[in-house]
Each structure stands twice: as C-alpha cells, then as structure tokens.
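The values are calculated or read from the model by the stated rules, or taken from the named source; none is laboratory data. All values derive from a computational prediction rather than experimental measurement. Please note: Cβ atoms are built from the backbone with ideal geometry, for glycine as well, and neighbour counts cover all protein chains shown.
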Amino acid sequence: MKNRIGVLVMSYGTPESMEGIESYYTHIRRGNKPSEEQLKELTDRYEAIVGGVFPLRANTDRQVRSLQDTLNADPRAIDLEFVCYQGLKHAAPYIEDGVEQMVKDGIKEAVGIVLAPHYSTMSIGSYVKRAQAKADELGLEISFVESYHMHPKLIEAFADRVSAKLNQFEEAGADRDSVRVLFSAHSLPERILSIGDPYQDQLLETSKAVAEKAGLKQWQFTWQSAGRTAEPWLGPDILDTLQTLNKEEQVEDVLVAPVGFVSDHLEVLYDLDIEAKSIAKEMDMRLERIDSLNSDPLYMEALSDSVITLIGL
Ligand SMILES: CC1=C(CCC(=O)O)c2cc3nc(cc4[nH]c(cc5[nH]c(cc1n2)c(C)c5CCC(=O)O)c(CCC(=O)O)c4C)C(CCC(=O)O)=C3C
Ligand SMILES: [Fe+2]
C-alpha cells in the first residue's frame, strides 16, 4: 500500500444558507452576535451576489478535489497517495474537524496549506495556529506551507488573466497602455505593520512580478474590503483610489486584479463587481476585473508543487 499523506486544505468558509449567516458572522466576531443592523447589511450583500447559493462553498469544494487530483498526478509522488481534507476558518467543517478526520482515517503525516497566497499573522498565521494546536492535541505530525505568493505558476496564472482582460480593452478600442491596473487585497488593521507582518510586502512582491510578466506600464496597489471598526485599516481603499485616478489623472479605463484572493466570493462579487463598479460608473470610468483563479490548473499546480516541495520530494 502506498504511504498516505493527509493534506489539510484551509479556507475562510462561507455560510451554508441565508439562515446560517448569523452564526457564521458570530463566529467571525469571536462569539459576539452582530447587531440586527450589521446582520441585515451582510445578508443584503450575500443576497445581491448569490440569490440563495454561496459561491465560495462550491469553489472551495472544487479546489480541494482538483488539488488532490493534481497532487496524485505528480510523477515525483509516485510512491505516495495524497488525501485532501477541508478545514474552514469560520464554517463547518472547521479546521479542527479536518485535523480530527485525518487522525480518524489513520493519517500519520500531514501538510497544511491555505487557499490564500500571502502570509499575515491575522490570516494564514491564525489558520496554522489552530491546525497545529489540534494536531498537537491528537498527536498528528503536521507541517505547513506558509505562503506561495511568488510561485512562478501563480504569477503566470495571474499574468495570463491580466493580459486576457487587457486584450478585451484593446478589442473595445482602448489603448492597452492607458489602462490602469490596480492590484488589490483585503485590508487589515494598520497595527500589523508595527509587528513586522510580511503581508503588505508579499502583496507588493506578487503585484510587481505579475506586472513584469504581463508587461504593464501603469499599475499600482490598493486595498479593499476594510473592516468598519474604530481602529485604522491599511489604505488607500479602492473606492478612494478610483476617485483620485478620475480627478487627478483623468484615468478612464481600470482593470482590477485582486491578487489577495483566489476565488469568487463576497469581496470579489460584491465589493468589486457591485460596489466598486457602481462608483466607477458614476464617474464614467470603465472598470473590469480579472477572472478569479478558482480551480485554474496553473493555480492547482502552484499549490501542489508547494506541498510536494515542502515534504522534500
Ligand atoms: C485577510 C483576510 C482575507 C483574505 C485571506 C483569507 O482568505 O483568509 C479574508 C477573506 C474573506 N473574508 C470573508 C468574509 C468576511 N470577512 C469578514 C471580516 C474580516 N475579514 C478579515 C480579513 C480577511 N478576510 C478581517 C480582519 C475581518 C474583521 C473581523 C476579524 O477580525 O476577523 C466578515 C465580517 C463582515 C465584514 O467585515 O464584511 C465577512 C463576512 C470571506 C468569505 C466571503 C464569502 O463568503 O463569499 C473571505 C474569503
Ligand atoms: Fe474577511
């Protein structure tokens, strides 16, 4: 029998139904129920993108299945069998459930990886901490891919998508080099910078590499989806950036490349496709977004190669 390696594939998680939004939101808020107003605001956003279906759930399911297939097709792993388990941060199956299932299935060696390319103590760091704690409790050996933000196949996958959209701008009569490309990612509280968190630097590194690969002339980085709390979050926010570009540089064509995300979900389908697009429309700007990676084969290979490299094959 082949030696089995468990792969804990971690992702943010999304509600299972409209009725499940409250408990999901409560989990994100560390056990504090949202106010009625906050709940309505989030429910309205989900309603606008899903009409009853939560795209992140199906996308994560597909990513996990494709990653398992990609891992098992790698010639370096001919003597191994990879078995992928889901572990979600804020929904079932939770990270701890995934670890527990591996142990139940007799897995002795495991690797963890997150469906987000950039490391922050507030994102990947917290996924890893929870998985490690459960693995320690159950005596499972586990190691982690902490980031893969410069994997050449990830860069290529993003650059292909940027080029494809620029081609569309060109076909519609725009000058390719006048399209402003905005790389974006989920904002985090500003205090991460004072603790030396690598998140911002890694995002800039990815953006620069994608810009080079796609031969971009005009690009910049901006944040999106900041939380509405009292403390300051990293900026500038994309909505402000769009206004600045319109007023100060008379930019007419914008392409958003949300490189901090790998899937279609709320931050992409609502914050960009609905909110940012409507602001752009008011200013007569044309705003497009690159397609999300979802289970793109190059992305799957970037994940698979990161896992296989980590275990030293
Ligand atoms: C860094 C980061 C990523 C990227 C890395 C990664 O993927 O891990 C990410 C992804 C996601 N965030 C998501 C959803 C939400 N995040 C929230 C709130 C928060 N996110 C934060 C950070 C991040 N979030 C933070 C610091 C908060 C404040 C509360 C706290 O300190 O934890 C809230 C509460 C309401 C609101 O603020 O909007 C929701 C609903 C979904 C699922 C969407 C869907 O279901 O389609 C995804 C993929
Ligand atoms: Fe979030």
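So, in the stretch 44-72, how many residues would count as being in a helix (DSSP H, G or I), within 16 Å of ligand 2 (Cβ to nearest atom) and not basic (Lys, Arg)?
Count: 6.
Consider Lys208 carefully, then state whether it is modelled with pLDDT under 95 and either away from ligand 2 (no atom under 16 Å from the Cβ) or in contact with a strand residue (DSSP E or B) (Cβ under 6 Å, 6 or more places away or on another chain) (or both).
When the stated conditions are applied, Lys208 does not pass them.
Among what's in the stretch 217-227 and is part of a loop (DSSP other than H, G, I, E, B) and in contact with a helix residue (DSSP H, G or I) (Cβ under 9 Å, 6 or more places away or on another chain), pick the residue that is farthest from ligand 1 (Cβ to nearest atom).
Restricting to residues being part of a loop (DSSP other than H, G, I, E, B) and in contact with a helix residue (DSSP H, G or I) (Cβ under 9 Å, 6 or more places away or on another chain), the top hit is Lys217.
Which of the residues belonging to the stretch 228-243 are closer than 27 Å to Leu166 by Cα and either within 16 Å of ligand 2 (Cβ to nearest atom) or outside any helix (DSSP H, G or I) (or both)?
Residues satisfying the conditions are Gly235, Pro236, Asp237, Ile238.
Restricting to the stretch 95-105, name every residue that is touching a residue at least 12 places away in the same chain (Cβ under 8 Å) and surrounded by fewer than 23 Cβ atoms within 10 Å (Cβ to Cβ).
Glu96, Glu100, Gln101, Val103, Asp105
Return the only residue of Arg45, Arg57, Arg29 being closer than 17 Å to Leu115 by Cα, charged (D, E, K, R) and within 10 Å of ligand 1 (Cβ to nearest atom).
Residue meeting the stated conditions: Arg57.
Inspect the stretch 205-216 for any residue being within 22 Å of Ser126 (Cβ to Cβ) and surrounded by 19 or more Cβ atoms within 10 Å (Cβ to Cβ) and give the result as yes or no.
yes
Starting from residues that are surrounded by 13 or more Cβ atoms within 10 Å (Cβ to Cβ), among the acidic types (Asp, Glu) and touching a Lys or Arg at 6+ places or on another chain (Cβ under 7 Å), keep the ones in the stretch 150-204 and report whichever is farthest from Ala230 (Cα to Cα).
Glu170
Does Asp136 qualify as being at pLDDT below 95 and in a helix (DSSP H, G or I)? Outline the logic, then answer.
Working: at pLDDT below 95: no; in a helix (DSSP H, G or I): yes.
Criteria not met by Asp136.
Does the stretch 183-201 hold any residues that are in a strand (DSSP E or B) and within 16 Å of the chain's Cα centre (by Cα), and which are they? I'd like the intermediate steps shown before the answer.
As a first pass, look at the stretch 183-201 and keep what is in a strand (DSSP E or B): 183-186, 189.
Result: Phe183, Ser184, Ala185, His186.
Name the residue that is farthest from Gly31 (Cα to Cα), counting only residues in the stretch 73-99 that are in a strand (DSSP E or B) and within 24 Å of the chain's Cα centre (by Cα).
The extreme case among them is Phe82.
If you scan the stretch 220-235, which residues turn out to be crowded, with 18+ Cβ neighbours inside 10 Å and of a type outside the set (A, V, I, L, M, F, W, C)?
Residues satisfying the conditions are Thr222, Gln224, Ser225.
Against the definition (touching a residue at least 24 places away in the same chain (Cβ under 8 Å), among the aliphatic types (A, V, I, L, M) and either on the phi > 0 side of the Ramachandran plot or within 16 Å of ligand 1 (Cβ to nearest atom) (or both)), how does Leu203 come out, yes or no?
Here the answer is yes, as Leu203 does meet what is asked.
Determine if the stretch 71-78 includes at least one residue that is at negative phi and touching a Ser or Thr at 6+ places or on another chain (Cβ under 8 Å).
yes
Among what's in the stretch 168-182 and is touching a residue at least 60 places away in the same chain (Cβ under 8 Å) and in a helix (DSSP H, G or I), pick the residue that is nearest to ligand 1 (Cβ to nearest atom).
Gln168
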